[in-house]
2 protein chains.
Amino acid sequence: MTTTHIGHPAPLIDGQIRVRGQLRYTGDLALPQMLHARLVTSPYPHAEINAIDRAAALALPGVVAVLTAAEMPTLPATSRHRLLLARGRVRFVGQPVALVLAETEAEAEDGAEAVHVDYSALPAATTLAAATAPNAPLVWPGGTPGGSDEAAAHGAAVAEDESDGQAPPSNVSRRVHFGRGDVAQGFAAADAVVERRYTTSMVHQSYLEPHVTLAQPEATGGMALWTSTQAAFYVQQEVADVLGLPESEVRLTAMPVGGAFGAKFVLYQPLVALAARQMNRPVRLLLTRSEEMQAALPAPRFEMTVRVGATRDGRLTALEASLDVDNGCYPDSPVGIAALLLGSLYQCENLAVRGREILTHKPSSGAYRAPGAPQAFFALESALDELAGQLDLDPLDFRLQNASRSGEPMANGKPWPGIGLHETIAALQAHPAWQQRDLARQAGRGVGVAVGGWPGGTEPAAALCMLQRDGTLHLNVGSVDLTGTDTTLAALAAEQFGLSPDRVRLIKGDTLSSPFTGMTGGSKITFTVGPAVMAAAADARQQLLKIAAEMLEAAAEDLELVDGEVRVRGLPDRTLALDKIARQTMRFGGRYAPVTGRGRHANPTAAPGFSAQLAEVLVDEATGHVTVTRLVVVQDVGKALNPLLVAGQMMGGGVQGIGWGLHEALRYDDEGQLLTGSLMDYTLPKIDQAAAQLETVMVEVPSEKGPHGARGVGEPPVIPTAAAIANAIADATGKRCRSLPITPQTLWKTVRD
Amino acid sequence: MTTTHIGHPAPLIDGQIRVRGQLRYTGDLALPQMLHARLVTSPYPHAEINAIDRAAALALPGVVAVLTAAEMPTLPATSRHRLLLARGRVRFVGQPVALVLAETEAEAEDGAEAVHVDYSALPAATTLAAATAPNAPLVWPGGTPGGSDEAAAHGAAVAEDESDGQAPPSNVSRRVHFGRGDVAQGFAAADAVVERRYTTSMVHQSYLEPHVTLAQPEATGGMALWTSTQAAFYVQQEVADVLGLPESEVRLTAMPVGGAFGAKFVLYQPLVALAARQMNRPVRLLLTRSEEMQAALPAPRFEMTVRVGATRDGRLTALEASLDVDNGCYPDSPVGIAALLLGSLYQCENLAVRGREILTHKPSSGAYRAPGAPQAFFALESALDELAGQLDLDPLDFRLQNASRSGEPMANGKPWPGIGLHETIAALQAHPAWQQRDLARQAGRGVGVAVGGWPGGTEPAAALCMLQRDGTLHLNVGSVDLTGTDTTLAALAAEQFGLSPDRVRLIKGDTLSSPFTGMTGGSKITFTVGPAVMAAAADARQQLLKIAAEMLEAAAEDLELVDGEVRVRGLPDRTLALDKIARQTMRFGGRYAPVTGRGRHANPTAAPGFSAQLAEVLVDEATGHVTVTRLVVVQDVGKALNPLLVAGQMMGGGVQGIGWGLHEALRYDDEGQLLTGSLMDYTLPKIDQAAAQLETVMVEVPSEKGPHGARGVGEPPVIPTAAAIANAIADATGKRCRSLPITPQTLWKTVRD
């Protein structure tokens, strides 16, 4: 099928207003009588609250109220966003204890500093070692609270939970296991076995825009919210639940998001809504960068062991792995998805992958672009690379030989849906950077490769297409745009309806007026909303042609839509412009009904996406400094609906992968205090560290259900980068770094050992 | 068909929040940086503007700007709302000359008083006599400007325009004529002929909430507006036109309306939007009551002559009438519809009805509930009553004998669609108040009857029904609710979908997100939007049952929807609650698409509605004071979807009819200055003047296309009241008053003559 607006590069429809600074974010909003909120947070990782003295704060000018748990509903604190304000005990540094409400931001800040909280510090477990030690201080002595729906958004709820409900209370909140065959026999059959321990760090998603929410009580008893979130309908539900309101009484507007990467589902929205209700005034809470670094929803630290064996001819005989996840104070870690992916990328008859989710006195983790996958594949792909080296196998041949194909079992025994893993690895193998790797080596560089993938998610969606009097088509969807999905959805509508994308206008309402779409997470907006948009546009087109057929006295089959007008094929004079037709449906006495198309879509089969990457590095062994001189990102995108935006995702994923590999870590001291609490200490890759040569190669193995065969493209490209860099460093130095990030210090030490 | 939620009285869904004062109107809105606007208006009916001195105003604290025509675009002032600010010349007292923008309302008011405008007064024509005199000052010496689309909203654009394009400029802006047969011959065949002159007054619609608009420039160059209007999509279009924007760049939210009655289509919205753009700040304009009385959009004054003849046996032989309408400074009067109705209610072979629209130096008229009809039927029904008296015919028998039936020709030769005129008159005839009229007469009261009707309008409409996770059904429509239509639309959706109306939530978005519906005017919202709502609910129900059938493993035909759950008929255990089903369509990995129903409707055939009324009055001949002791409002409503709300419309129409008959007049002195510029001088009927006994009788002759047979009910009940009262006064006193309103002064004089 030839397409006009699909498969061609096109800029973001809101790119101009974004770069001009004209887009209004939540932080740009203000309402009459609006109060500014600031958090008073715990300086202790674990402590009893003895008393909260608000008098000094309330005496300050502009301070209107200091809320504490006493003013909050006594709901069970089953998830992080239901902790609201600490009641009796704090469990992480940065946990909100009180909320100061004042007329200005500055007054709220002064007020927060003047609230005096008297604590009795308690022993804390802030590392995996401490949390799993005998007699460790328990994060939840009364038992682990139940989780939320959020983990499901990333396709993470896939592993069997093998936790023993009868066990005594511990900080281990979840155990998962995938296995088949006999690993002992498998290792016995191997010609070489590699067993290594790998660790990663807590990483912050480092979006530009902090968490921000504005809530306004409605006269009718409901609540209106404007917030930066990836999940409008989910936040609506959670706020309604916490406020004890019917969902229909919560009107949530998902504002443009200034970066999220998985961290912006729900956090303080229920708290802000409760404060607004308490004060009966609008309340806005905008986190500071410090608060973001200290206690938002970072990616969790993994400690992993991988043992893998293969025969001399390159057949994997056994894979055994254990993954411990430090998830902070709440469950809902990606341990299940990480274990599943680690055990599913390659086919191995003898398999044993175990995972443990462990709670510590630290902020709970959130999602970060392919949650769990960069960690798991860092371990797996490092170990495989080492094994290939020991067996003197070509690392890509070795991977291709064992890589899973469509229909072959995943670690959980379920078959892979249609995947393009082989094609992806083969494309990297054919790339000049791999073919000519010896040239790079001659130039003193190391070359490493790695593979990774993401299963993708699905969620039902609906969309509306309404033709306007000016001949534009309004496309109404409820999805939050993080990655340019609005641009792609507009193009899908344009293609299907038959007009230019610049005549399609994206309409974003709120949770009351917009059709339902799921959370923006799991690389699934284009994949699942796209078909709903296409159906809505097709419905609208059919309505339009029926009207035009009557007006033109022609058969609908003989009509075509070209350049904004309906034409009778072969009769160049018989045309009607879209605005002319639309006006006949939107005027007094009109005899045609307004063109109002609706599309609905549900598809429980996901479309996994894989990325294979090659990193070329220059290592300064004297300083431990690593320069990524080249990064090749190969990815199966199913169909690149807009290659410009897809390339942007692939490049962005690669650069964030460099962050994972070489730079980023939330580091804590022995008392659980954050050491890297600002962007001076927490180092993000700068533009000159984002690979001198950054290349993308799109592989197109169409998915069964995606629009035009497209797969989700957001998550896969971040996954194998760190592993590819680590393998490249090993190639350059002969030494393996098994902890992320690989900073100059650690590399220098590793090389010296 | 038995119905559960249709045909039963039910309160307004927003009645509680309305009476509690919790509904937020436009005047309750404020935005950060919002400027308050006040008009500087002309004190002359006709003058040249020599100079505008803004210096003193700009020197006042808080005054930010004084805008004049110099800051306005030089668009042709083709309609009242495009006059913007006067350029060079003013044409009515109260015409905006400058707009003062200040930080507070009080500062804006002070600023407006400090603007000094130097005028040279010009001769003005402020009456029909003056405007049609030889060498009259012309309102538009350069030719009458073209009209707007607004008149069409009332079904008013129905008469042939017989204006002569070649005529020299005059204040007569339009002439219409309907005729057939030979009136001279008709009068020759009559046994009696009555010829009389009738006049009515300019009447203000007297809504509680004045005109109010808030406009905010959008960062992207578009404009957002919140306003009190009956016609969201029409105002959107007009603002876009004046601002030179694509319609899609104007996002208009139609706020709850605190009364409108036809006056709130478009007035100052383009001006406010221009001011907001000029200042790049939000601007709000809220008219004062004085500004409302002086220069809003009142109902026009009519001067009419009716000549009617009949045979002794009650057959109408000829009807000749002329109608002159004083429409103020702009065309778009209801002269066409008034002439058409006057000539169509009864069948008469010899017919000649002429109308002239005449412009004067006064504010242009707007629509007021059945525009032109109370005036026309006051004349016709007074004359007929007098003729019946002369021929000693029973006035209702006489009317019944000549009343039009479905399919018979209207004055323009087109056939009446299905109507219930005969049934309506017959129901009044059967009413005890008529049957026992002699008892009232014995008690010293006069009894009068009159008939009137309204053709109704049509406009395409669309609606959406979306099932929510909490089991409620969101009904999204773009229509403005003036009369309780939201309540009725919710009931129509509930009935069709199969759940309780309190589980339906009306969603009102803005012109970008809402499906199109036409202006709220012409008694057509329930009639035209209702079928779209029913179609949307039926679409949603079908989707729901298909999903439920899969979940329940049953055939969709075997399912029923009762008490918020889907049941398999005959299997009481096989049920699924709506929220349970909905959640399966709105969750991660869900396999069912969200229930998203859409309905579309277009029907060019209107459903005319008629009212026959009986007034019983007590006249104090010594003072001229009239007490309406009883008013019986009979009306063909097609089908009373919600009898409580329909009765409310009928009673409200009757009471406004009493205002027309006895109280209301915008009176001007010889210089064109308004004498009744406040609610002290302009007397509205108070509650103790609203008929001691106010009865409603609903006749149900189903319309062909209306939902469940319903007809529009808003306009008909106001039409015949004034005529019935005048006829009752004649019955009581033997004297006829032929000018409205019939105040104590005029009645006292008439009785004394």
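The values are calculated or read from the model by the stated rules, or taken from the named source; none is laboratory data. These numbers were taken from a predicted model, which means no experiment stands behind them. All Cβ positions, even for glycine, are placed from backbone atoms using ideal geometry, and neighbour counts span all protein chains on display. Calculation scope for accessible area: heavy atoms of the full protein, side chains included, ligands and nucleic acids excluded. Shrake-Rupley method; radii C 1.70, N 1.55, O 1.52, S 1.80 Å.
Taking a probe of 1.4 angstrom, what is the accessible area of residue A:220 in Å², to the nearest 10?
70
Taking the label point 7 Å from Cα in the Cβ direction, how far apart in nm is residue A:390 from each other copy of itself, listed shortest first?
12.1
Convert 25 °C to kelvin, take the viscosity as 0.890 mPa s, use the Kirkwood radius over C-alpha pairs of region A:645-753 as Rh, and evaluate the Stokes-Einstein diffusion coefficient in µm²/s, rounded to a whole number.
After rounding, the answer is 154 µm²/s.
Projecting each Cα onto the charge dipole of chain B (Lys/Arg +1, Asp/Glu -1 at the beta carbon, about the Cα centre), which of B:535, B:51, B:64 comes out farthest on the positive side?
B:535
If you split all Cα-Cα distances of region A:702-753 into 10 Å bins from zero, what percentages do you get per bin, shortest first?
Binned Cα distances yield the sequence 22, 35, 16, 16, 10, 1.
Say the dipole of the protein assembly as shown comes from +1 at the beta carbon of Lys and Arg and -1 at that of Asp and Glu; which of A:677, A:637, A:136 then lies farthest toward its positive end?
Result: A:637.
As I understand it, the dipole of chain A uses +1 on the Cβ of Lys and Arg and -1 on the Cβ of Asp and Glu, about the Cα centre. Which of A:42, A:259, A:727 lies farthest toward its positive end?
Of the options given, the answer is A:259.
For a label point 7 angstrom out from the Cα of residue B:678 toward its Cβ, which stretches of region B:281-298 have the backbone nitrogen within less than 19 Å?
B:287-296
Starting from the Cα of residue B:704, step 7 Å along the direction of its Cβ; do the same at residue A:33; then give the gap between the two resulting points in nm.
5.3
List the residues whose amide H sits under 5 Å from the amide H of residue B:668, counting only those 5 or more places along or on another chain, with H placed 1.01 Å from N in the peptide plane.
Long-range HN contacts for residue B:668: B:675.
Mind ranking A:13, B:6 by accessible surface for me, highest first, 1.4 Å probe?
Putting A:13, B:6 in descending order of accessible area: A:13, B:6.
Which value, in Å to one decimal place, does the Kirkwood hydrodynamic radius take for region B:597-696 when every pair of different Cα atoms is included?
It works out to 16.4 Å.
With equal scatterers on the alpha carbons only and no solvent term, can you work out the Debye log10 of I(q)/I(0) for region A:459-518 at 0.24 1/Å?
-0.99
Grab the other residues whose beta carbon is less than 10 angstrom from that of residue A:729, score K and R as +1, D and E as -1, and report the net.
It works out to a net charge of +1.
Assuming 0.890 mPa s and 25 °C, estimate D for chain B with Stokes-Einstein, Rh taken as the Kirkwood radius over Cα pairs, in µm²/s.
Once the numbers are plugged in, D ends up at 90 µm²/s.
Please report the spacing between the Cα centers of region A:289-366 and region B:614-666 in Å, no decimals.
79
Residues with amide H under 5 Å of residue B:97's amide H, sequence separation 5 or more or different chain, H placed in the peptide plane at 1.01 Å from N; which?
B:40, B:41, B:42, B:86
Name the long-range amide H neighbours of residue A:350: under 5 Å, sequence gap of 5 or more, or other chain; modelled H, no Pro or chain starts.
When sequence neighbours closer than 5 places are left aside, the close amide H contacts are A:319.
Starting from the Cα of residue B:442, step 7 Å along the direction of its Cβ; do the same at residue B:184; then give the gap between the two resulting points in nm.
Using points 7 Å along Cα→Cβ, the separation is 5.2 nm.
For a Förster distance of 30 Å, can you work out the FRET efficiency between the beta-carbons of residue B:280 and residue B:106, rounded to the nearest 0.05?
It comes to 0.80.
Tell me the accessible surface of residue A:546 in square angstrom (1.4 angstrom probe, heavy atoms of protein chains only), to the nearest ten.
The accessible area comes out at roughly 140 Å².
At 222 nm, what value in deg cm²/dmol follows for chain B if DSSP H runs of at least 4 each add -39500 (n - 2.57) and the sum is divided by all its residues, to the nearest 500?
-7500 deg cm²/dmol
Taking the Cα centre as origin and putting +1 on Lys and Arg beta-carbons and -1 on Asp and Glu beta-carbons, what dipole magnitude results for region A:459-601, to the nearest 20 debye?
That gives region A:459-601 a dipole magnitude of about 340 debye.
Report, ordered by chain and residue number, the lysines lying within cross-link reach of residue A:735, taken as a straight Cα distance under 17 Å and ignoring same-chain residues fewer than 8 apart.
Excluding near neighbours in sequence, the set is A:749.
Sorted by mean Cβ packing within 10 Å, highest first, what order do the peptides A:445-456, B:230-241 take?
The peptides rank, most packed first, as A:445-456, B:230-241.
For the pair residue B:8/residue A:500, report the inter-label distance in nm, with labels modelled 7 Å from Cα in the Cβ direction.
5.5
Express as a percent, rounded to the nearest 5, the fraction of DSSP beta bridges in region B:252-353 (both residues included) that run antiparallel.
75
Once phi is turned into ³J(HN,Hα) by the Karplus curve 6.51 cos²θ - 1.76 cosθ + 1.60 with θ = phi - 60°, what whole-Hz value does each residue of region A:305-314 show in order, with x for glycine and proline?
Per residue, the Karplus-derived 3J(HN,Hα) values read 10, 10, 10, 9, x, 8, 7, 4, 8, x Hz.
Would you mind checking B:524/B:639; A:639/A:705; A:508/B:546; A:524/B:546; A:414/B:546 for any pair whose Cα atoms are more than 18 angstrom apart?
Going by Cα-Cα distance, A:508/B:546; A:524/B:546; A:414/B:546 fall outside the 18 Å limit.
Any idea of the total accessible area buried by the B-A contact, 1.4 Å probe, rounded to 100 Å²?
5100
Any idea what the residue A:142 label distances to the other copies are, label 7 Å down the Cα→Cβ vector, nm, shortest first?
7.9
Got a sec? What order do B:199, A:696 fall in by accessible area at 1.4 Å, biggest, i.e. largest, first?
The residues order as A:696, B:199, largest area first.
Taking only the C-alpha atoms, wrap a convex hull around the protein assembly as shown and report its volume per residue in Å³ as a whole number.
Looking at the protein assembly as shown, the number lands at 206 Å³ per residue.
May I have the extent of the alpha carbons of region A:406-463 along their three principal axes, as whole Å values ordered from largest to smallest?
53, 33, 16
What does DSSP give for the protein assembly as shown in terms of the percent of beta bridges that are antiparallel, rounded to the nearest 5?
80
Which whole-Hz couplings ³J(HN,Hα) result when phi for each residue of region A:470-479 is put into the Karplus expression 6.51 cos²θ - 1.76 cosθ + 1.60, θ = phi - 60°, listed in order with x for Gly and Pro?
Taking θ as phi minus 60°, the curve returns 8, x, 7, 10, 7, 10, 9, 9, x, 7 Hz for region A:470-479.
What FRET efficiency comes out for the pair residue B:58/residue B:288, r = Cβ-Cβ distance, R0 = 22 Å, nearest 0.05?
Here the calculated transfer efficiency is 0.50.
What do you get for Rg/Rh over region A:242-294 if you use C-alpha atoms and the Kirkwood form of Rh?
Across region A:242-294, the Cα-based Rg/Rh ratio is 0.98.
Report the Cα centroid-to-centroid distance between region B:242-284 and region B:689-749 in angstrom, as an integer.
That distance is 36 Å.
Taking the Cα centre of the protein assembly as shown as the origin, how large is its charge dipole in debye, to the nearest 20, when only Lys and Arg (+1) and Asp and Glu (-1) carry charge on their Cβ atoms?
It works out to roughly 640 debye.
Assign unit charges at the C-beta atoms only (+1 for Lys and Arg, -1 for Asp and Glu), then state the dipole size of region A:1-103 relative to its Cα centre in Debye, rounded to the nearest 20.
240
If the viscosity is 1.306 mPa s and the temperature 10 °C, what Stokes-Einstein diffusion coefficient in µm²/s follows for region B:459-601 when Rh is the Kirkwood radius over Cα pairs?
104
Could you give the C-alpha radius of gyration of region A:32-122 expressed as a fraction of 2.2 N^0.38 Å, taking N as the number of residues it contains?
1.06
Pop out the ³J(HN,Hα) list for region B:491-506 in order, Karplus 6.51 cos²θ - 1.76 cosθ + 1.60 with θ = phi - 60°, rounded to Hz; leave Gly and Pro as x.
Those phi angles translate into 5, 5, 5, 4, 4, 6, 6, x, 9, 6, x, 6, 9, 9, 10, 6 Hz.
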